[in-house]
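The structure appears right after this line, and notes come after that.
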Amino acid sequence: MSKNQEIAEIFEKIADALEFKGDDTFRIGAYRKAARILKEYPENIEDLYKKGDIKKIPGIGKGMSEKIEEYLKTGKITKYEEVIKDIPEGILELLEIPNLGPKTLNLAYRQLGVKNLSDLERVIENGELANLFGMGEKKVENIKKGIELYKQGRKRIPLGIALPIVEEIIEEFKKYVDKIEPCGSLRRMNETIGDIDILTTGKNKIEIIESFISLPMVKEVMAKGDTKASIIEKSHNLQVDLRVVSEDSFGAALQYFTGSKAHNIKLRGLAKDKGLKISEYGVFKGDKKIAGRTEEEVYNKLGLVWIPPELREDRGEIEAALDNNLPILIEGKDIKGDLHIHSKYSDGVETIEEIAIFAKSLGYEYIGICDHSKTSKIAGGLDEYTLKRRNEEIDNINSKIKGIRVLKGAEVDILSDGSLDYSDKILEQLDFVIASIHQGFKKNVTERIKRAIDNPYVDIIAHPTGRLLSGREGYEVNIDEIIEYASYKKVVLEINCYPDRLDLNDINVIKGKNKGVKFAIGTDSHNIGMLKYIKFGLGIARRGWLTKIDVLNTYKWEEMPLRRRTNGSSN
Ligand code: DGT
Ligand code: CA
Ligand code: CA
Ligand code: ZN
């Protein structure tokens, strides 16, 4: 985990602890804001510190930057230790449960003596919690769900957290080995990861194992043998399994340890039908090894074309590979631009010009600037006047900077009655419009999204389910009904790449594709460092069997099949 992340988490914890203690809200808000800025800050704060630039982070004041400095120097923040000194250990754990706010927890603590998870489960069970002032069945139901999520969440972590950890390990470790490849759920780009699996080859297996368990990110060695080892890494207590295999089995091992288990079982059955045997060592005919060096030859010997890892879930990919009928999955190089970026006009960090220059350096042909609409006040939503000024600025930038086109977009709130936060007259002036739910997560969400889809100026529905991988369940929405309606009205659904969202997920993407829905992959960037998250959205798209033509932002701007152009709205 980066220092940015580590410090952000401590700031969050300080805010939670203060709130639990009934502190005033101003300080609490300041910590939460600083945490958010740190999490999304594109540069490594340690580098900044070394350059003496720590005070230059926009939005971080003197008090906060002193705490950051303290952490970088000493590895701790005194303020945090101070705040939690008189809070019971179990309460600190409970503060991490989704849907259970610090204020509620304080109430349960003072009035019911709840000090740990088993206390909490007891007062839920016997109804005492529901009887507290201001509580009630519904809130308690939510807390129960939160506990479930918390228990699951402890076991699996989001891809967006696991991937950087693996990249760091590989960077550090690759000098010791010939070949190195992550496998397991990570290679398949699963949205959450149970443990990390890494496969290597190299001459001296014992030496490789020894250097692995001595890596700086190792917290604990769980197991160590001649060809494999398991460690717990420091930042998130993630288990990392390492296997060292010989060159001539690398492909077979890569195939085996990539999984999924269901895919492997199906494959083994297929091998058996052909009178062959498949294992992590190779494909065998009797005692004779007939494949193993590469994954391609393993699949080929079974009569299959190579199957991209993202598809290996036993969802029909083996049947399709047998018929040589696999989709040609969308790739990074197909992406021509990002359709969901926030600028400084709302709650983003950079100016539109800065974003445009950076996106051009990534090779993008266009970017969709989608600032929040006026009702999203905390997110710096734009009133009509400011939007107009912003659009003029975009015109100026477009005439000034060549080689990239800035699109005038907006992320418009869907209000509580299903109407949109700008009038049609305003929406008409934009190049495209994203509509999204940011409030009233339980209020008629399905109906409201459908009303938004009815508006002919809405092109894309952002993060359609609203779920967060870190905990929050989605809106109360019937996503199947939304997919159906989007297909009928030719509205595009978003695959939001924000690591905590990944919304839609793979299953819903498959459902949508089967109904002919098109998708937009958007990073929801609030700073330019987040543009790289496009790879997570691509992972979801590929897991959803999407090809280039299914995704809006693989088209040239002039050819993009936007609903307002294809007249789908008159359906
Ligand atoms: P995870 O770690 O829960 O996110 O998911 P995976 O898929 O990474 O699962 P993991 O780490 O338990 O095992 C890695 C791969 O090893 C798995 O995808 C397939 C293979 N594998 C593990 N156990 C079995 C098994 O019992 N049978 C077969 N055929 N393959 C297995
Ligand atoms: Ca795994
Ligand atoms: Ca494993
Ligand atoms: Zn957004």
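The values are calculated or read from the model by the stated rules, or taken from the named source; none is laboratory data. The structure displayed is predicted, hence computed values, not measured ones. Cβ atoms come from the backbone with ideal geometry, glycine included; neighbour counts cover every protein chain shown. Side chains included, ligands, DNA and RNA excluded: accessible areas come from the protein's heavy atoms. Shrake-Rupley method; radii C 1.70, N 1.55, O 1.52, S 1.80 Å.
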Could you tell me which helices of the chain pass both thresholds, a Cα extent of 30 Å or more along their own axis and a mean Kyte-Doolittle hydropathy of at least -1.0, with helices taken as whole DSSP H runs?
none
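Give, in nm to one decimal, the length gained when the segment between Lys442 and Arg36 is fully stretched (0.36 nm per residue of separation minus the Cα-Cα distance).
Working: separation 406, 0.36 × 406 = 146.16 nm, distance 2.51 nm.
143.7 nm is the gain from fully extending Lys442 to Arg36.
Does the stretch 433-571 classify as rounded, prolate or oblate by the C-alpha gyration tensor (a ≥ b ≥ c root eigenvalues; a/c under 1.5 gives rounded; else a/b over b/c gives prolate, otherwise oblate)?
Values: a/c = 1.44, a/b = 1.04, b/c = 1.38.
It comes out rounded by the Cα gyration axes.
Need one number: % antiparallel among DSSP beta bridges in the stretch 157-244, to the nearest 5.
Working: 17 of 22 bridges.
Antiparallel bridges make up about 75 percent of those DSSP assigns within the stretch 157-244.
For a test of the definition: using alpha carbon positions, the gyration tensor, and the 1.5 limit on a/c, classify the stretch 189-268 as rounded, prolate or oblate.
Values: a/c = 2.62, a/b = 1.21, b/c = 2.17.
It is oblate, given that a/c is not under 1.5 and a/b is not larger than b/c.
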Pop out the ³J(HN,Hα) list for the stretch 183-188 in order, Karplus 6.51 cos²θ - 1.76 cosθ + 1.60 with θ = phi - 60°, rounded to Hz; leave Gly and Pro as x.
10, x, 4, 5, 5, 7
Taking the Cβ-Cβ separation of Asp23 and Glu481 as r and a Förster radius of 51 Å, what is the calculated FRET efficiency to the nearest 0.05?
0.75
Just name one of Asn444, Asn398, Ser419: the one whose Cα is farthest towards the positive end of the charge dipole of the stretch 382-493 (beta-carbon charges, Lys/Arg +1, Asp/Glu -1).
Asn398
Sort out for me the Cα centre separation of the stretch 183-229 from the stretch 58-124, rounded to whole Å.
33
Packing-based ranking, highest mean first, of 273-284, 433-444, 392-403 given that Cβ atoms within 10 Å are counted
433-444, 273-284, 392-403
What is the spin-label model distance, in nm, from Glu558 to Asp395 if the labels are put 7 Å beyond Cα along the C-beta direction?
2.2
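What is the sum of charges, Lys and Arg at +1 and Asp and Glu at -1, for the other residues whose Cβ falls under 11 Å from the Cβ of Asn444? List each step's numbers first, then the result.
Details: positive: Lys442, Lys443, Arg448, Lys450, Arg451; negative: Asp417, Glu447, Glu476.
Its environment carries a net charge of +2.
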In terms of the charge dipole of the stretch 3-155, which places +1 on Lys and Arg and -1 on Asp and Glu at the beta carbon, the residue among Leu48, Gly127, Ala108 farthest towards the positive end is Leu48
Starting from the Cα of Lys50, draw a straight line to each of the aspartates and glutamates and keep only those under 14 Å, dropping any in the same chain fewer than 8 residues away.
Glu69, Glu70
Here are some pairs, Lys145/Lys518; Lys151/Lys261; Lys388/Lys490; Lys489/Lys548; Lys377/Lys518; which of them have Cα atoms lying more than 26 Å apart in this structure?
Lys145/Lys518; Lys388/Lys490; Lys377/Lys518
Just to confirm the filter: which trypsin sites (Lys or Arg not before Pro) across the stretch 1-70 are DSSP coil and have at most 12 other Cβ within 10 angstrom of their Cβ?
Lys51
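Find how much the distance from Lys51 to Ser211 grows on full extension, using 0.36 nm per residue of separation minus their present alpha carbon separation; answer in nm with one decimal.
Numbers: separation 160, 0.36 × 160 = 57.60 nm, distance 3.16 nm.
In short, 54.4 nm is gained.
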Averaged per residue, the 1.4 Å probe accessible area of the stretch 3-155, protein heavy atoms only, in Å², is roughly 54
Surface share of carbon and sulfur [accessible, 1.4 angstrom probe, percent] for the chain
50
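From the helices alone, meaning DSSP H stretches of at least four residues, give me the mean residue ellipticity at 222 nm for the chain, per-run term -39500 (n - 2.57), in deg cm²/dmol to the nearest 500. Could you put the intermediate results ahead of the total?
Numbers: 25 runs with 248 residues, N = 571.
About -12500 deg cm²/dmol.
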Label points 7 Å out from Cα along the Cβ direction at Asn324 and Ile170: separation in nm?
3.1
Count charges around Asn505 for me, please; just the other residues with Cβ under 9 Å from its Cβ, Lys/Arg as +1, Asp/Glu as -1.
-1
Protection proxy ranking, peptides 202-212, 450-460, average beta carbon neighbours within 10 Å, highest first
450-460, 202-212
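If you restrict to DSSP beta bridges whose two residues both lie in the chain, what percentage is antiparallel, to the nearest 5?
Approximately 45 percent, going by the DSSP bridge assignments.
Could you report the stretch 249-322's accessible area per residue, 1.4 Å probe, as an integer in Å²? Working shown, then result.
Details: 3450 Å² over 74 residues.
On a per-residue basis, 47 Å².
What whole-number value in Å² describes the accessible area per residue of the stretch 495-552 for a 1.4 Å probe? List each step's numbers first, then the result.
Values: 1560 Å² over 58 residues.
Roughly 27 Å² per residue, with all protein chains present.
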Spin-label zone in the stretch 19-34 - amide nitrogen under 14 Å from a point set 7 Å from the Cα of Lys377 along the C-beta vector
none
Taking a ≥ b ≥ c as the square roots of the Cα gyration tensor eigenvalues, with a/c under 1.5 meaning rounded and otherwise prolate when a/b beats b/c, else oblate, which class fits the stretch 332-559?
oblate
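So how strong a dipole does the chain carry about its Cα centre when Lys and Arg Cβ are +1 and Asp and Glu Cβ are -1, to the nearest 20 debye? Can you show the working numbers first?
Details: 92 positive and 94 negative charges, 118 e Å.
Charge dipole, the chain, about its Cα centre: 560 debye, nearest 20.
Please compute the length gained on full extension between Ile507 and Glu9, using 0.36 nm multiplied by the number of residues separating them and subtracting their Cα-Cα distance.
Details: separation 498, 0.36 × 498 = 179.28 nm, distance 3.06 nm.
Stretched out fully, the Ile507 to Glu9 stretch lengthens by 176.2 nm.
Of the beta bridges DSSP finds with both residues in the stretch 332-559, what % are antiparallel, to the nearest 5? Intermediate values should be presented prior to the final figure.
Numbers: 2 of 26 bridges.
Restricted to the stretch 332-559, the bridges split so that about 10 percent are antiparallel.
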